[in-house]
Every structure is written in structure tokens, then in C-alpha cells.
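Undergrad: Below you'll find the structure I mean.
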There are 2 protein chains.
Amino acid sequence: MVEKVTFKPGTMLNPVPVVMVSCGKYDINPNIITLAWAGTVCSDPPMLSISLRKQRFSYDIIKESGFFVVNLVDGNLIRAADWCGVKSGRDFNKFQQTGLTPIKAAGSDCCMIEQSPVNIECEVKQIIPLGTHDMFLAEVKSVHVNACLIDKTGRLDLTKADLSVYSHGVYHKLGHETGTFGFSVKKINLKK
Amino acid sequence: MVEKVTFKPGTMLNPVPVVMVSCGKYDINPNIITLAWAGTVCSDPPMLSISLRKQRFSYDIIKESGFFVVNLVDGNLIRAADWCGVKSGRDFNKFQQTGLTPIKAAGSDCCMIEQSPVNIECEVKQIIPLGTHDMFLAEVKSVHVNACLIDKTGRLDLTKADLSVYSHGVYHKLGHETGTFGFSVKKINLKK
């Protein structure tokens, strides 16, 4: 028997993504908020959710514009990501302070982060108040990937992207691969 | 300028959690479904979402009972996790086939996986149809953690749990730590 300790209810799902959400117009009021309360919620149409506190500076910008971009975080971005999760866009121009470049999204005037390896353009479909956080349910409208992540066959090789992940207050790199989806039922290919 | 390639819209948020969701009564019809469309959505009350296809065997069990448990996946569980994501509870008793043990949750008759390092008991609050998947919004009611993850000060040390994460079809271990939340604004503590 495994001995277990019971904790009070909490946000113990781990690890979770850590993403830099950009919002605001690329040439007027571009902003970045880093968050970990994010997840994929539907395959087709491709949808994801992000959750934000109402008090956050980005909340009204996203609510009013209806657009945001999820920018994945690699090793080079982790310090800027942490900083954008702690500081407020009310006090700082976060792009200027971090040296990151706001570029225009394809489907709107929303900004995205040029230096991020993967930019996921999202359109808000619904905002659901839950408590401390409101959940923004959004549809993915377009995805941009750094060309250096595409291999010779045209396939995206995301293992090259050096993505970060968040677990119980700690940022981690991805560690070694332990399998691919379906590995437990694959037949062994004996080489001739 | 970073050269970017535009992809069609897709579920490109990575990495994401990989969790074994247990459902059904621990002593009657315990079942496991592995999924990656999961995320924390609110801090207080603590809430998370999981997304399921209507066709999945677990869908009706969770809908009718109103309870499920999110079981985190460590290195020892990754093969069973993959298998439970590929196979259906219509065809197999997944606990028997994987050798895992269904134990009773604290707040319901729902099963949880004894061998998982962290069990998160959830109660369904709302089911939102989105397309291929329905999103189950749920409140965390209780959390159970293996006693070996608690350090001498009574603090949970989740880095000991050897958790798995999923990125673009590949399971990974967590890699090395690159910082803790807020590290970018911490003052350096000079030792005297």
C-alpha cells in the first residue's frame, strides 16, 4: 500500500504550459502577459483556453479586441517570460523593456513576438467567469513557426525548439524522450 | 528578421500535461483514460478542465457520475498511460490489464490510481460542447500526494515525482530547472 497525504484542494495539475500571451495592436499598444493557466480544449476546430484575473492589464485589451496570440517560450525567452509574468503593462512597455519585437499577426492587428519559436493566433469565442480567474475560450486561426524548426522533408521538428514547461513554481526545460504516442502498442520492427 | 512559416490552424500549444483520468466506481466499473487536453483554469476555487470526445467510453461515466480524478503520470506509469490513451474501456478492464490498483476517492465512490504520485479529485461543474471535444469544467475537491514526496519540513517537493509531459506527440521527462517563478526580479543574496 502506498502511503498518501491529503492536501487541501489546490491547483495541483502539473506540469503545465508556460506561454507569453501577446495582445494589443502591434503598432500602438502591444503588451505581453505570461501565464500558465492555459490548455488545449478541442482538436477540431482547434481551440485553447487561457485564464486571466480581471485586474490584469491585458484583461480589457483582450476582451475589447477579441484577439490574442499565444507565443511559446524557449530557453532564450525564459527570463523575459518570468519578468512579463511579474510586472504589469500599466507600468512598463514590456516589448521595449525586454528587447522583444512586436510584429503584426496575419488575421488581425494584434501583436505577436517575433523571437518566439511558435506564434498561435487566437480569436476569443467566449469569456467564462470562474472565480479569481475568467477563462477565455478561443479558436486558433493561424500558426507561425520559425523556419529553422522545419526539417528537410517539410515536417515540423518541435524538439529543436527548446521549449520550457512549468511545474509547481519551477521552470524546466524538456527532458529526454520516453516514448511517442502509441509506443505501447507498436510492434517491434525487426531489421532484416 | 526571423523567417517564419505559416501553418494551418492546429492544436500547437506545447508542451501540455499528460494525465491519467480515472472514473467509475472503484469497486464496480473503474476505468482510466489518458489525455493531454487538460489545464488549470482558475486558482480560487481551484478548477481545471479536461476535454473528451463524446465517443470515448469514459465520457458517459464522467457525465453521469459527475466525478473524475486526475492522476499525474511519472516515469513508471508512462507505458500504462500510453496504453490507456490508445485502448478503450469497452474492450478491456484497464486496471487489470495494467496491473494498477483502483482505490476509493475521499469525496465520492470514484476510483483513483494508487500508483500515481498525485491524485486530484474533481467534481464536474459544467460540460461545454466545442466540436470534436466537450470540455468538462471541474472543481478540485481534494488532493492526495504520495508521502515520499513530502520533505522533512512538511513541504511538497514535486521535483522528486519524476513527472511526464507531452509535446507534439512525444512524451518527455522534465529536464533541468531554469528558474523559479519571480527569479527575474529577485535580488541576488550576497553571502556574508
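Undergrad: In nanometres, what is the gap between the two model label sites at B:ALA106 and B:ARG79, each 7 Å from Cα along Cα-to-Cβ?
TA: Output for this residue pair reads 3.3 nm.
Undergrad: Hey, can you rank A:109-120, A:7-18 by average C-beta count inside 10 Å, highest first?
TA: The most tightly packed comes first, giving A:109-120, A:7-18.
Undergrad: Turning to a different aspect of this structure: So, in nm, how far is label A:ASP162 from label B:ASP44 when the simple model puts each one 7 Å beyond its Cα toward the Cβ?
TA: 3.8
Undergrad: Taking a ≥ b ≥ c as the square roots of the eigenvalues of the Cα gyration tensor of region B:74-176, is the shape rounded (a/c under 1.5), prolate (a/b larger than b/c) or oblate?
TA: Rounded shape, in that the Cα axes give a/c under 1.5.
Undergrad: Just for the Cα atoms in region A:131-192, what are the lengths along the principal axes, largest first, rounded to whole Å?
TA: Sorted from largest, the Cα extents of region A:131-192 read 59, 29, 22 Å.
Undergrad: Let me ask something else. Put the label 7 Å from Cα along Cα→Cβ for A:VAL185; what are its distances to the other copies, in nanometres, shortest first?
TA: Reported distances to equivalent positions: 4.8 nm.
Undergrad: Something else about it: Based on alpha-carbon centroids, what's the gap between region A:67-103 and region B:73-109 in Å, whole number please?
TA: Their Cα centres are 40 Å away from one another.
Undergrad: Let me ask something else. Can you give the accessible area per residue of region A:52-192, in Å², using a 1.4 Å probe?
TA: Dividing the accessible area of region A:52-192 by its residue count gives 48 Å².
Undergrad: Point me to the residue of chain A whose C-beta lies closest to the A-onto-B rotation axis, rounding the distance to whole angstrom.
TA: A:GLY39, 1
Undergrad: Could you give the length gained by full extension between A:VAL86 and A:VAL185, i.e. 0.36 nm per residue of separation minus their alpha carbon distance, to one decimal place?
TA: 31.3 nm
Undergrad: Mind telling me which of B:ASP157, B:ASP60, B:ASP74 comes out most flexible in a GNM of chain B, alpha-carbon contacts under 10 Å?
TA: Evaluated over chain B, the most mobile residue of the options is B:ASP157.
Undergrad: Can you figure out the FRET efficiency of A:THR153 with B:GLU3, using R₀ = 22 Å and their beta-carbon distance, to the nearest 0.05?
TA: Step by step, r from the Cβ atoms, then E = 0.75.
Undergrad: Ignoring ligands, DNA and RNA, what percent of the 1.4 Å accessible area of chain B is carbon and sulfur?
TA: After summing per-atom areas, the C and S share lands at 51 percent.
Undergrad: Same structure, new question: How high is the relative contact order of region B:25-180, in percent, with contacts defined as C-alpha pairs under 8 Å that are six or more residues apart?
TA: Relative contact order here is 26 percent.
Undergrad: To make sure I understand the rule: partners must be aspartates and glutamates, Cα under 17 Å from the Cα of A:LYS187, and not fewer than 8 residues away in the same chain. Which ones qualify?
TA: Answer for A:LYS187, where 17 Å is the Cα cut-off: B:ASP82, listed by chain and number.
Undergrad: If the cut-off is 16 Å between C-alpha atoms, which aspartates and glutamates fall inside it for A:LYS63, apart from same-chain ones fewer than 8 positions away?
TA: Within the straight-line limit of under 16 Å, A:LYS63 reaches these aspartates and glutamates: A:ASP109, A:GLU121, A:GLU123, A:ASP134, A:GLU139.
Undergrad: Still on this structure, please answer the following. Taking each residue of A:52-59 in turn, how many C-beta atoms of other protein chains fall within 10 Å of its C-beta, and what is the average?
TA: 0
Undergrad: Further question on the same structure: Compute a Gaussian network model of chain B, connecting alpha carbons closer than 10 Å, and tell me which residue from B:GLY154, B:GLY107, B:GLY24 fluctuates the most.
TA: Of B:GLY154, B:GLY107, B:GLY24, the most mobile in the Gaussian network model is B:GLY154.
Undergrad: Test of understanding: what is the full-extension gain from A:GLN96 to A:ILE127, defined as 0.36 nm times their sequence separation minus their Cα-Cα distance?
TA: 8.2 nm
Undergrad: Please get the size of the charge dipole for region A:7-116, origin at its Cα centre, with Cβ charges of +1 on Lys and Arg and -1 on Asp and Glu, quoted in debye to the nearest 20.
TA: Dipole magnitude for region A:7-116 comes out near 440 debye.
Undergrad: Tell me the distances, shortest first, between A:GLN126 and the same position across the other copies, using label points 7 Å along Cα→Cβ, in nm to one decimal.
TA: Spacings between copies for this position, smallest first, are 0.7 nm.
Undergrad: Rounded if a/c is under 1.5, else prolate if a/b beats b/c, else oblate: with a ≥ b ≥ c from the C-alpha gyration tensor eigenvalues square-rooted, which is chain A?
TA: Oblate, because a/c is 1.5 or more while a/b does not exceed b/c.
Undergrad: How large is the dipole of the protein assembly as shown about the Cα centre if only Lys and Arg carry +1 and Asp and Glu carry -1, each at its Cβ, rounded to the nearest 20 debye?
TA: Rounded to the nearest 20 debye, it is 600 debye.
Undergrad: Find the sum over both chains of the accessible area lost when A and B are paired, probe 1.4 Å, and report it in Å² to the nearest 100.
TA: 8000
Undergrad: How many nanometers, to one decimal and shortest first, lie between the label point of A:ASP91 and those of its other copies, if labels sit 7 Å from Cα toward Cβ?
TA: Reported distances to equivalent positions: 5.7 nm.
The values are calculated or read from the model by the stated rules, or taken from the named source; none is laboratory data. Please read all numbers here as calculations on a predicted model, not as lab measurements. Cβ: placed from backbone, ideal geometry, glycine included. Neighbour counts: every protein chain shown. For the accessible areas, the whole protein counts, side chains as well, though only heavy atoms, and no ligand, DNA or RNA atoms are used. Shrake-Rupley method; radii C 1.70, N 1.55, O 1.52, S 1.80 Å.
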